[in-house]
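A short reminder: the numbers here are calculations on the coordinates, not readings from a lab. Everything quoted here is computed from the prediction, not taken from an experiment. Backbone-built Cβ (ideal geometry, glycine too); neighbour counts: all protein chains shown.
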Amino acid sequence: MNNPKERERGKVRVLLDRFKVNDSEVFSAVIDGLTAAGYDVEIARGFTLGGVLGEPVPQGDIITVYRKGQ
């Protein structure tokens, strides 16, 4: 459930953790494991300015983990 609009109405989520992952293989494994365990996960792509003419350069992804409430 990466999109807040996909959540059921009236359900609460509790923020557990927010962290950054720089490796794409680790990122995939973490997302798969957390979603399989029943956690809600939001993904924000991390960027820094640099590259050619100050273009955004990918630099890690930020994962926010929520526990589903009742």
Net lengthening on full extension, Thr35/Val12 (0.36 nm per residue, minus Cα-Cα) = 6.6 nm
Based on the Cβ-Cβ distance from Asp23 to Arg67, what FRET efficiency comes out when R0 is 25 Å, to the nearest 0.05?
-> 0.50
